[in-house]
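The values are calculated or read from the model by the stated rules, or taken from the named source; none is laboratory data. As the structure is a prediction and not an experimental result, all values here were calculated from the model. Cβ coordinates were reconstructed from backbone atoms using ideal geometry, including for glycine residues, and neighbour counts include every protein chain displayed.
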């Protein structure tokens with residue numbers, strides 16, 4: 001029987017689904033051990049987070065089952081409409097949204113809390129995939145590159161305005177699928193240079209940094225002197241780059257730290273860099289209630305105390321006595337590191353990497369550009385969450401509230417990741433047809 005005529009359940013990629021279910025199972029176990037001190041306590045307690053997560057898993061599987069039996073062309077047809085709906089949800093959050101831990105990005109329905117920014121990742125992935133796969137899209141033109149960037153940055157900007165910076169940063173993951181579709185390497189170089197300049201602005205005094213930027217610009221003039229004599233526009237690019245770098249490091253970064261970032265955000269960034277907050281950036285009126293390094297310090301103690309093989313399940317002291325705040329959400333990895341040690345942590349990392357590589361394999365075997373771009377969007381979102389969350393727990397990145405996919409507690413997060421993956425599996429089941 002031809003592949004496309006087999007039942008849907010026979011065509012879906014079961015290895016990917018099993019990897020996802022394995023991660024969710026590990027997550028429920030990790031949330032359970034973060035709340036209980038011994039196995040004697042009842043497991044089936046609906047007031048506990050692990051049971052709520054299990055309930056969300058059942059809801060996610062039910063919705064995923066519906067997705068698998070939906071015509072794959074529906075996702076293409078509704079992609080733009082769903083994106084508009086997502087923007088509408090983000091806008092209405094400003095009106096009816098509630099505040100949770102300083103973020104105004106949640107909509108509450110009684111005891112149910114919904115975060116539109118999580119769902120909008122799905123809608124943005126579909127909209128970007130449709131635009132990049134359109135016959136009239138020429139991604140080598142500036143116009144279409146700007147349109148693709150706008151598709152990503154509009155929800156990102158709205159989420160930033162809701163004071164949910166961590167979630168907003170996830171939307172930069174959508175630039176990775178754009179590279180697969182032809183975004184030039186120069187954009188990547190500019191992005192990396194911007195990050196390096198930003199960090200340099202925090203670690204180096206302004207005058208030495210100004211001198212360093214000027215020296216680099218003069219060095220570029222010397223190295224490119226032959227090209228400059230042939231094409232005068234090269235010197236304009238060098239001077240323009242110098243002006244942008246100086247303005248960014250000397251004016252924009254200090255302004256953001258003084259007037260945009262809150263006190264705890266400034267402290268977290270400098271804590272990650274191992275530096276004290278300079279006097280010019282200190283905000284006594286917005287000082288954090290506890291030192292900004294507390295969460296990360298306790299997390300590193302928990303991970304380090306696990307050693308090679310860990311202390312054993314339910315035997316983690318940092319986990320058992322709740323020394324690490326948010327250990328069932330943002331810092332769920334530290335409980336795994338403490339209880340199962342380096343070996344358990346590496347097995348979890350390998351499980352994630354296997355899933356990511358499998359999704360890349362799925363992406364490259366798609367006949368439809370729409371399906372390929374969507375698969376890369378899923379892989380990029382998962383990679384960004386995974387890399388940043390682990391970096392947060394180990395003190396390699398500032399604490400910005402990014403969850404660990406399928407492991408961290410959170411109904412909206414689990415549901416959004418599940419829907420992302422089930423749509424991908426459904427598209428892959430029809431990989432031999434051209435979806436338009």
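Just a yes or no: is a residue in segment 320-328 assigned by TED's automatic domain parsing to the domain that holds residue 129 and assigned to a helix (DSSP H, G or I)? Looking through segment 320-328, at least one residue is assigned by TED's automatic domain parsing to the domain that holds residue 129 and assigned to a helix (DSSP H, G or I). Residues that are modelled with pLDDT under 95 and at positive phi do not occur anywhere in segment 374-388.
Per the listing 379, 397, the residue uniquely more than 26 Å from residue 131 (Cβ to Cβ) and assigned by TED's automatic domain parsing to the domain that holds residue 120 is 397. Highlighted here are the helices (runs of 4 or more DSSP H) found entirely within segment 80-177 that include at least 2 residues which are out of contact with any strand residue (DSSP E or B) (no Cβ under 7 Å at 6 or more places or on another chain) and within 16 Å of residue 416 (Cα to Cα): 116-133, 165-170.
Tell me, please, whether a residue that is assigned to a loop (DSSP other than H, G, I, E, B), in contact (Cβ under 8 Å) with a residue 12 or more places away in the chain, surrounded by fewer than 17 Cβ atoms within 10 Å (Cβ to Cβ) and over 26 Å from the mean Cα position of the chain (by Cα) can be found in segment 224-247. Yes, because at least one residue in segment 224-247 is assigned to a loop (DSSP other than H, G, I, E, B), in contact (Cβ under 8 Å) with a residue 12 or more places away in the chain, surrounded by fewer than 17 Cβ atoms within 10 Å (Cβ to Cβ) and over 26 Å from the mean Cα position of the chain (by Cα).
Criterion first (in contact (Cβ under 8 Å) with a residue 24 or more places away in the chain, farther than 29 Å from residue 114 by Cα and either buried (at least 21 other Cβ atoms within 10 Å of the Cβ) or not assigned by TED's automatic domain parsing to the domain that holds residue 79 (or both)) does residue 435 satisfy it? Talk me through it step by step, then tell me what you get.
Details: in contact (Cβ under 8 Å) with a residue 24 or more places away in the chain: yes; farther than 29 Å from residue 114 by Cα: yes; either buried (at least 21 other Cβ atoms within 10 Å of the Cβ) or not assigned by TED's automatic domain parsing to the domain that holds residue 79 (or both): yes.
Yes: the conditions hold for residue 435.
When segment 250-274 is examined, which residues are found to be in a loop (DSSP other than H, G, I, E, B) and at pLDDT 70 or above? Hits for segment 250-274 are 261, 262. Within segment 76-128, the set of residues being under 15 Å from residue 157 (Cβ atoms) and modelled with pLDDT under 90 comprises 93, 94, 104, 105, 116, 117.
Is it fair to say residue 301 is assigned to a loop (DSSP other than H, G, I, E, B) and surrounded by fewer than 18 Cβ atoms within 10 Å (Cβ to Cβ)?
In short, no.
Contact map, segment 125-145: first residue on the phi < 0 side of the Ramachandran plot, second residue assigned to a helix (DSSP H, G or I) and surrounded by fewer than 16 Cβ atoms within 10 Å (Cβ to Cβ), Cβ cut-off under 7 Å, separation 6 or more or different chains; pairs are 127/80; 130/80; 131/147. Being without any contact (Cβ under 8 Å) to a residue 12 or more places away in the chain and either in a helix (DSSP H, G or I) or outside the structural domain of residue 130 (by TED's automatic domain parsing) (or both) is a description that applies to residue 361. Do we have residue 183 as part of a loop (DSSP other than H, G, I, E, B) and at pLDDT below 90 here? The answer is yes for residue 183. Number of residues in segment 364-381 that are under 23 Å from residue 416 (Cβ atoms) and assigned to a helix (DSSP H, G or I) equals 12. Only one of the listed residues (134, 157, 119, 127) is under 23 Å from the mean Cα position of the chain (by Cα) and closer than 16 Å to residue 178 by Cβ. That residue is 127.
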